[in-house]
Each structure stands twice: as structure tokens, then as C-alpha cells.
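Let me begin by presenting the structure, written as C-alpha cells, before commenting on it.
Here, each number is a calculation from the coordinates, and none is a lab measurement. Everything numeric in this text was worked out from a predicted model, so none of it was measured. Cβ placement follows ideal geometry from the backbone for every residue including glycine, while neighbour counts extend to all protein chains displayed.
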Amino acid sequence: MKERLPIVMSAVALVVAMLGWTQIGEAARGLLIAKNSVGAAHLKNGAVTNPKIKNGAVTSAKVQNGTLLTEDFKPGQIPAGSKGDKGDKGDKGDKGDKGDPGAAGATSVHVRVAAVSVAANSTNGTVANCQGGERATGGGAVLAGVHNQDAILRSYPSTGSSVAAGSGEVPTAWFARIFNSDGSAHDATVYAVCASP
């Protein structure tokens, strides 16, 4: 019996050793991946990220037609299309709000007069003033009793004096100066056309 024990132990060791190496071999074969054996079903969602794709690996031949969107391209890469047809006329808009009232126009127009005596062969003038709140819109003068011999030397809007109204001023009177070429004095009349708002 003692002679057989080393033989039995050797046989057991051999069997255990052989059984261990077989399992190790099967495990190693499980780690080896056959060529073209990994498909889409084996990849976890999001597993293939941008850094894992080799530069230039994705070419036009590998992109399915009609799958790219406008936002996949940089600005200016997609040429603009031709101008489209004119659209239909839109609906009529709502009525706008009523506007503010405009400036009031003249409600009445009156002629105001002033008389002055003009000596023979001389000149004289005066101012025809509008009434309060009125403004002068026109005027003139005439020398009474003299035909084809009187002359108006000055005639212009003023603010109530012989000085003409300045730019931007509101005239409230009309001034006129008349020359009397006759041998006797005559009365002259100055007219102011006055309008009230």
C-alpha cells in the first residue's frame, strides 16, 4: 500500500492539474473576441463618444443620405435657396386708436384799419393793430383822393410797431408807409387782415 500511495497521489495531482488548465483555457477563450463579432446590440448607449472616433473616420460614404439636419452644418455652409413666391395678402388689421385733435384753425377773419394824414409831397406811415388774440395774416394801404400818384413805400407784418416782425414771431399788426406826390395833404388808410383762432 505504501508503494502505491505516491502513484495515486501523482495521478490525482495530474487530474487536478489537467482539470485546472482546461478551465483556464475555456476562460481565456471567452476573453478573445472574434473578428466582426461586435454589433450594434453589443454597444451601450453613449459608449462611442467623439474622442473615441478617429479623425477622418466618418466620411460621406458612411453617412446615410437624408439623415443630417441644418443645425449639423456651420453657418454659410448651406447655400441659400431661391426667393420664394409672394405670399398671400394678410388680413385687414384692427382699426387704430383715434388720434389727438389737430391745431385749431381760424374761426373768424376781420379787417382792422388805421388812418394817417400824409402832407403834400411827403411820406408818412402808421400801424393797423389786430385785437387781442388775433394775428395778422395780410395787409396793405391806400392814399385817399389821389389816383395814379400815390405809392406804398413799406408794407409788412409787425408786432405793433413800425418794425417788421422777426422770423418765428407771431404778427399782430400791419405797418405801411405811403408817399403823397400831390400838392395837398391826403389821408392814408392802412389795413390789417386779422384772424382769430
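Structure values in brief
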read-out	value
Fully extended contour minus Cα-Cα distance, from S162 to S108, at 0.36 nm per residue	16.9 nm
Burial ordering of S184, S60, fewest other beta-carbon atoms within 10 Å first	S60, S184
Sorted by Cβ density within 10 Å, fewest first, the residues Y191, Y156	Y156, Y191
Net lengthening on full extension, K52/D91 (0.36 nm per residue, minus Cα-Cα)	8.5 nm
Over 31 Å between alpha carbons, listed pairs K52/K74; K54/K74; K62/K83	K62/K83
Label-reachable residues, the stretch 50-73, where backbone N falls under 17 Å from a point 7 Å from V38's Cα toward its Cβ	50-55, 57-58
Footprinting exposure proxy for S181, S158, S167 (fewest neighbouring C-beta atoms within 10 Å first)	S167, S181, S158
